[in-house]
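Visitor: Submitted below is the structure of interest, expressed as structure tokens.
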Amino acid sequence: MKLASLPDGSNRDGRLVIVTDDLTTCRPIEGLSMIAMLDAAMPPDRVAARAGPPQPFDPASALAPLPRAAQFLDGSAYVNHVDLVRRARGAEMPARFWTDPLMYQGASQFLAPHAPITGDPAWGLDLEAEIAVITADVPQGVTPDDGAAAIRLVMLLNDISLRHLIPDELSKGFGFVQSKPLSACSPVAVTPDALPGWDGRKLHGALKVDLGGQPFGRADAGRDMTFDFGQLVAHAAHTRPLAAGTVIGSGTVSNRGGDGSGDPVARGGCGYSCIAEQRMVETIRDGAPATPFLHPGDRIRIWMEDATGQSIFGAIEQTVAAWP
């Protein structure tokens, strides 16, 4: 089942709709938001039984599937990405990074898939294309298997980062706040049983990123994922329960190349899911980064396709807005 949230007057959580596989038609569920559905633990058949008549669906008019989540926890499951960060600055990778996931707690509000990216270019505006899951209630101390079983929906995420603010903020030893503004989500979230490429713990397939209309990233989300979503859910719930409607992100999707650093799409590689990673590769290979971060007018597109070329989640399509 594919689900989305449409604007619903003053209800900031939106109105839940069931979307057809081709993303052209939807059936509204009157009086029900996605967070209310998750809170009530409503199974798909009960949701479908409340659906109204079909109407056109425009992904550009959708809110984030879950405009306000119980919480947002973002991992760094592709440790190759972390390795490149440290290699680019000549730092050694701690061995425990391969066995203990990195995770931070972000803002629990989400931007619509076509919302502009706002911020001062001097902050180092960057995209981060990710896979994210939405959970049911998760008890404290679950196993990775039970964590995987608690996943109710899967979607795409653009975890916007302000790269030039990160070093100073992390130097305080107290985590991200200002350097991690609101993230944007795909128009549609999909139940695991209806998701091509989902193996119960990972989503396999190319996560496509275009920057300025040109291919930028084509990394396989199921490859080189050191920690799967069952492990990420269990890590998040190690010392506390998770409420229904918790969003957990994968972190930047990253594939290893022959030397671990990978190549741009234009050179036959899988490219990158964030600008920072390309800059890291440039630093490792050439001694300095060459690719700039985002500036006003830059356009990004993030999406995935099934085997027939049909978009699975719809696309995150954002433009960087002018900054006063």
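Visitor: Taking the highest mean first, how do the peptides 309-316, 90-97 order by number of other beta carbon atoms within 10 angstrom per residue?
Guide: 309-316, 90-97
Visitor: Just to be sure I follow the rule: in the chain, considering lysines 8 or more places apart or on different chains, how many pairs have Cα atoms under 23 Å apart?
Guide: Lysine pairs, 8 or more places apart or on different chains, close enough: 4.
Visitor: Output the 0 to 90 degree angle, nearest 10, between the alpha-carbon long axis of helix 79-88 and the longest principal axis computed from the alpha carbons of the chain.
Guide: Result, in degrees: 30.
Visitor: Separate question: In Å², and per residue, what accessible area does region 75-121 have when probed at 1.4 Å with the other protein chains present?
Guide: 47 Å²
Visitor: Hey, what D do you get for the chain in µm²/s if you plug the Kirkwood alpha-carbon radius into Stokes-Einstein at 25 °C and 0.890 mPa s?
Guide: 124 µm²/s
Visitor: OK, next. For the chain, give the percent of accessible area contributed by carbon and sulfur heavy atoms, probe 1.4 Å, rounded to a whole number.
Guide: 52 percent
Visitor: Name the long-range amide H neighbours of D8: under 5 Å, sequence gap of 5 or more, or other chain; modelled H, no Pro or chain starts.
Guide: Hits under the 5 Å cutoff: G14, R15.
Visitor: Determine, for each peptide in 129-142, 207-220, the mean count of other beta carbons within 10 angstrom over its residues, then list the peptides with the highest first.
Guide: The most tightly packed comes first, giving 129-142, 207-220.
Visitor: Still on this model: Once you've got the GNM for the chain with C-alpha springs shorter than 10 Å, pick whichever of F57, F174, F227 has the biggest mean-square fluctuation.
Guide: Judging by the Gaussian network model, the answer is F174.
Visitor: Now a separate question. Run the dipole for region 80-195 about the Cα centre, Lys and Arg Cβ at +1, Asp and Glu Cβ at -1, nothing else charged, and hand back the magnitude in debye, nearest 20.
Guide: Working: 8 positive and 14 negative charges, 61 e Å.
I would put it at about 300 debye.
Visitor: Among G31, G124, G14, which one shows the biggest mean-square fluctuation in a GNM of the chain, springs joining Cα atoms closer than 10 Å?
Guide: Highest fluctuation among the options: G31.
Visitor: If packing is taken as the average count of other Cβ atoms within 10 Å, what order do 231-244, 32-45 fall into, highest mean first?
Guide: Ranked by mean Cβ neighbours within 10 Å, highest first: 231-244, 32-45.
Visitor: Give the accessible surface of region 219-301 per residue, rounded to a whole number of Å², with probe radius 1.4 Å and ligands, DNA and RNA excluded.
Guide: 37 Å²
Visitor: Farthest toward the dipole's positive end in region 200-324, which of L207, G287, T239, given Cβ charges of +1 (Lys, Arg) and -1 (Asp, Glu) about the Cα centre?
Guide: Among L207, G287, T239, the one farthest towards the positive end of the dipole of region 200-324 is T239.
The values are calculated or read from the model by the stated rules, or taken from the named source; none is laboratory data. Please read all numbers here as calculations on a predicted model, not as lab measurements. Methodologically, a virtual Cβ is constructed for each residue, glycine included, from the backbone with ideal geometry; neighbour enumeration extends over all protein chains shown. The protein model used for the area step is the full one, side chains on, heavy atoms only, and it has no ligands, DNA or RNA in it. Shrake-Rupley method; radii C 1.70, N 1.55, O 1.52, S 1.80 Å.
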